[in-house]
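J.: Take a look at this one; I'll ask things after.
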Amino acid sequence: MNNKIIVSGMRSTGKLHLGHYFGVIKNWVELQKEFNCYYFVADWHALTTKFNQTENLRQNVLDVTMDWLASGIDPDKSTIYVQSHVPQIAQLHILLSMITPQNWVERDPTLKDMAKILRMQKEEGKSETSSASYGLIGYPVLMTSDIMMFNANYVPVGIDQVAHIEISRDIIRRFNNIYNTDYFVEPEPKLTQVPLLKGLDGNKMGKSFNNDIKISDDEETTTKKIMTGITDRTRLRKTDLGHPDNCEVIFDYWKIFGNDTEIEEIESMCKKGEIGCADCKRKLAQKVNEYFAPIREKRKKYEENPKLVEEILIEGSKKAQLRAQEVLDKAKEAIKMF
Ligand code: TRP
């Protein structure tokens, strides 16, 4: 255990999928052994694009948290909290918004993707405007506040978030310069080196693409979904020789869920036409279900007792608030606020 601080968050989008699990959560579970970790559910960030779809906001926060807890994020090791339960983050955000030049946030390349989502929402009739809100444009400023609030040294993120962290470093450096302090740490992104788990149709795994497997899916649903997974498109009959290298999705899953012997076995049987794609997928589904069985079982315990999850979040948020207030006081002191 060292005393370096890690902060990372996930938007409260609801039940998480295997892309989240292998891309983010598994890494977080490892990091809590070594670092002082702050993990939070970013419900304010969820509002930046879903401000008018809030019916499930509360349940979504609980679902994300249950997936974390079931997967091994440990409230005795890490501070787990809800972003909106730490009002100091909003206060720091307003201070940062004063010193952030408008063109820094407008340059953020991910803003273009988010603007695309908004245009789509308008076309689908889910929103009356395609224009980005003030809050959405300030997305990286709020993220900076999340990170600066606990003086994080490292921020574990995917490659898509690195541009945001760059802006955060710039804003924090600017804060230190303007107010003549060196208290606030410039955080470094900590990239997760994991093979990307594609969605079952070969695209990026995502809830909105309807190509994901949820951590919380039951065995039957998991198997059904895996049976739709894309394999070698040139292979029409099960006796045709297969090409694992051209298998678009399913063989990649084997590489994650099989041990070396199993992977070699499947590869060789496929190449020789000894196993058809349907049987291969059925076998894979069994492996996936075995892997997630204990996690799903643990999740059920929390589903049956959501009060327990709420208590964990309340405790974590209290802990986070105490530390956040100390840091906020430092920021106000530096600004010479009354
Ligand atoms: N923007 C991140 C995402 O969409 C979530 C997030 C919000 C975050 N604040 C953060 C991640 C602070 C790391 C640190 O995935």
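J.: Of all residues in the range 142-191, which are over 18 Å from the mean Cα position of the chain (by Cα), more than 11 Å from the ligand (Cβ to nearest atom), in a helix (DSSP H, G or I) and among the aliphatic types (A, V, I, L, M)?
T.: Ile167, Ile171, Ile172, Ile178 - these are the residues of the range 142-191 that are over 18 Å from the mean Cα position of the chain (by Cα), more than 11 Å from the ligand (Cβ to nearest atom), in a helix (DSSP H, G or I) and among the aliphatic types (A, V, I, L, M).
J.: Given Ser84, Ser71, Ser97, which one is open to solvent by 10 Å² or more (accessible area, probe 1.4 Å) and in contact with an Asp or Glu (Cβ under 7 Å, 6 or more places away or on another chain)?
T.: That would be Ser84, the only listed residue that is open to solvent by 10 Å² or more (accessible area, probe 1.4 Å) and in contact with an Asp or Glu (Cβ under 7 Å, 6 or more places away or on another chain).
J.: Are there any pairs with C-beta distances below 7 angstrom linking a residue in the range 188-211 that is closer than 25 Å to Ile147 by Cβ to a residue that is loosely packed, with under 13 Cβ neighbours inside 10 Å, with the two at least 6 apart or on different chains, and if so which?
T.: Leu191/Ile159
J.: Given the criteria in contact (Cβ under 8 Å) with a residue 12 or more places away in the chain, closer than 12 Å to Thr79 by Cα and part of a helix (DSSP H, G or I), does Ala320 qualify?
T.: Criteria met by Ala320.
J.: Of all residues in the range 221-252, which are basic (Lys, Arg), assigned to a helix (DSSP H, G or I) and open to solvent by less than 80 Å² (accessible area, probe 1.4 Å)?
T.: Lys225
J.: Additional query: Taking only the range 124-182 into account, find how many residues are touching a residue at least 60 places away in the same chain (Cβ under 8 Å), aliphatic (A, V, I, L, M), open to solvent by 10 Å² or more (accessible area, probe 1.4 Å) and within 30 Å of Ser208 (Cα to Cα).
T.: Adding up the residues that qualify gives 4.
J.: May I pose another question? Can you find a residue that is open to solvent by 10 Å² or more (accessible area, probe 1.4 Å) and either closer than 18 Å to Lys298 by Cα or more than 15 Å from the ligand (Cβ to nearest atom) (or both) anywhere in the range 42-50?
T.: The answer is no; no qualifying residue exists.
The values are calculated or read from the model by the stated rules, or taken from the named source; none is laboratory data. Since the structure is predicted, the reported quantities are computational estimates derived from the model, not experimental observations. Cβ: placed from backbone, ideal geometry, glycine included. Neighbour counts: every protein chain shown. These area figures cover heavy atoms from the full protein model, side chains too; ligands, DNA and RNA do not enter into them. Shrake-Rupley method; radii C 1.70, N 1.55, O 1.52, S 1.80 Å.
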